[in-house]
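Notes follow once the structure below has been shown.
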Amino acid sequence: MAELDARCGGCSLGAARPLASEASPTSCLQRSAGQSAATPLRPTLARPTQVPVPSTAHRPPRLRSMDDLREQVELLEASANLSTSIGDVQKTIDLLTAARAKIAAGEPAPLTLAKLQDPVKKSLETAQKDLKPIYSGLNKYGKVLDKKFKDKPLPSAENDALSSHPSLINRAIAMHLLREGQFDVASTFIEEANRRPPHPEPTLNTPNPYLRESWEKDLAEGTFNSEKLQRQFADMYHILHELRNEKNLAPAIAWAKDRSDLLESRGSNLEFELCRLQFIGLFIAPGDKAYTDHHPDGPLRAHMYALHELCGFSKRYTREVQELMGALAYWQNIEDSPYRRIFFNDSAWEEVAHSFNREFCSLLGLSADSPLFIAATAGAIALPYLLKMQSIMKEKRTEWTTQNELPVEIPLPTQYHFHSIFVCPVSKEQTTDANPPMMMPCGHVIAQESLDKLSKGARFKCPYCPNESHPREAKKVVL
């Protein structure tokens, strides 16, 4: 076997010798559907579908408190047997249908209706009797549900920071709708919001709603162009649809190539990931041509694609490109080769779609996730802690006086940690924009206020080493 030259420095990705063909059956999906239609001769009642309750075995400890609620669900299903009641009601329907037919045939209506009174009355009484255990089960289930999920009052806020900023809230909602692809709803919402713009009164200890960050200012200056954003997000959803549903990489690759310089300046791997996925798709999937005796279509097409498209990535992704080219030697048994993890990665498509979504939003100056969704989720996580804090403050008759800081730590998920924080080792306080971290020449970092207190405008000794320095020699640390 000829050696594959995986050296890509001179844009030479190697040449593969003609490989023996190997029959590869092509699989296809066959779908069959059947339809049946029947004209009902009389009205009928559909029987309810019984939904099985999952087993309670091997449940995690954090869900064991829900066992009694699960038991009530099972009891409710056992008691809520509507088959007998449905049969009684169906008999009543049959009697009424037969009576209507007799009246239509010419039988006197008063006589026919008089014959219906007793059987209909008995049928209704039987149905009500059958429904009693169902009502009883619903009442018991409701009581257990109320006991398990008690209504809790929302934490009251004397200074509501949102009520005086309806314009910013409307802007966040409109942006969320656009990001979710709800373009018609977003257009209607923006039109109705602009028809009657809110004019709130500034509240105490909250920013002025009429400053430059208001939505009307954004619209006037063109910084929030809903039509332009709609077109951009429409393009994004089209490309995502092609990626996730059609397994078509061409639109995403074209988008990435048009913005190659911007993506490279950001250190993004998106363009290479798309091209690598295209190589893998060509390698493992048969192309338009049939397999011949000496030239398997898939690996050769992948090799030709690499020669034309992967040269530009050879310097930055040397090892990755070498792995792709080395896999050509295992074309007959790629599933058992050392490169199986590259060619059979079930999450590769979703990962590249998520990466595309993140890079697309980043080039628009937006975060990958909707800020409204992030704020609502973080607020829902923090709400129980705020309720507990409020109850403790009410019992002890104390108040939290520090602004822009919570008295408790909120355990947010890792993906909601957007930047690092620094706690001054001297004051034990978290740094802020007004009190940033400062690094002294010795390399130790303390807060600005601690630096001012220690130095008092003159040379001072570092609290953690013998070195001395002047406050003007300290540099601000940007996290």
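Here His308 clears all of (1) more than 26 Å from Leu328 (Cα to Cα); (2) loosely packed, with under 13 Cβ neighbours inside 10 Å; (3) at pLDDT 90 or above except the condition numbered (1). Would you check if Ile410 is under 27 Å from the mean Cα position of the chain (by Cα), within 30 Å of Leu178 (Cβ to Cβ), of a type outside the set (Phe, Trp, Tyr) and modelled with pLDDT of 90 or more? Spelling it out, it is not the case that Ile410 is under 27 Å from the mean Cα position of the chain (by Cα), within 30 Å of Leu178 (Cβ to Cβ), of a type outside the set (Phe, Trp, Tyr) and modelled with pLDDT of 90 or more.
Listed by position, the helices (runs of 4 or more DSSP H) contained in region 201-279 that have at least 2 residues being more than 25 Å from Leu324 (Cβ to Cβ), modelled with pLDDT under 95 and in contact with a helix residue (DSSP H, G or I) (Cβ under 9 Å, 6 or more places away or on another chain) are 215-221, 226-244. Of all the residues in region 77-93, those that are surrounded by 14 or more Cβ atoms within 10 Å (Cβ to Cβ) and more than 19 Å from Gln128 (Cβ to Cβ) number 1.
Per-residue answers, yes or no, for (1) assigned to a loop (DSSP other than H, G, I, E, B); (2) touching a Ser or Thr at 6+ places or on another chain (Cβ under 6 Å); (3) hydrophobic (A, V, I, L, M, F, W, C):
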position	(1), (2), (3)
Arg301	no, no, no
Ala306	no, no, yes
Arg316	yes, no, no
Met325	no, no, yes
Asp346	yes, no, no
Ala376	no, no, yes
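Exactly one residue out of Gln390, Gln430 is surrounded by 12 or more Cβ atoms within 10 Å (Cβ to Cβ), in contact with a strand residue (DSSP E or B) (Cβ under 6 Å, 6 or more places away or on another chain) and at pLDDT below 90, and it is Gln430. Looking only at residues of region 280-299 that are buried (at least 18 other Cβ atoms within 10 Å of the Cβ) and part of a helix (DSSP H, G or I), we find that the one that is modelled with the lowest pLDDT is Asp297. Only one of the listed residues (Lys102, Lys147) is modelled with pLDDT of 85 or more and in a helix (DSSP H, G or I). That residue is Lys102. Screening region 250-269 for residues that are surrounded by fewer than 14 Cβ atoms within 10 Å (Cβ to Cβ) and in contact (Cβ under 8 Å) with a residue 12 or more places away in the chain and picking the one that is farthest from His354 (Cα to Cα) gives Leu262.
Could you list, ordered by first residue, the pairs with Cβ atoms under 8 Å in which the first is in region 113-130 and over 17 Å from Ala101 (Cα atoms) and the second is outside any helix (DSSP H, G or I), at least 6 apart or interchain? Taking only residues 6 or more apart or on different chains, the pairs are Asp130/Leu82.
The values are calculated or read from the model by the stated rules, or taken from the named source; none is laboratory data. None of the values given here were measured: they were computed from a predicted structure. Methodologically, a virtual Cβ is constructed for each residue, glycine included, from the backbone with ideal geometry; neighbour enumeration extends over all protein chains shown.
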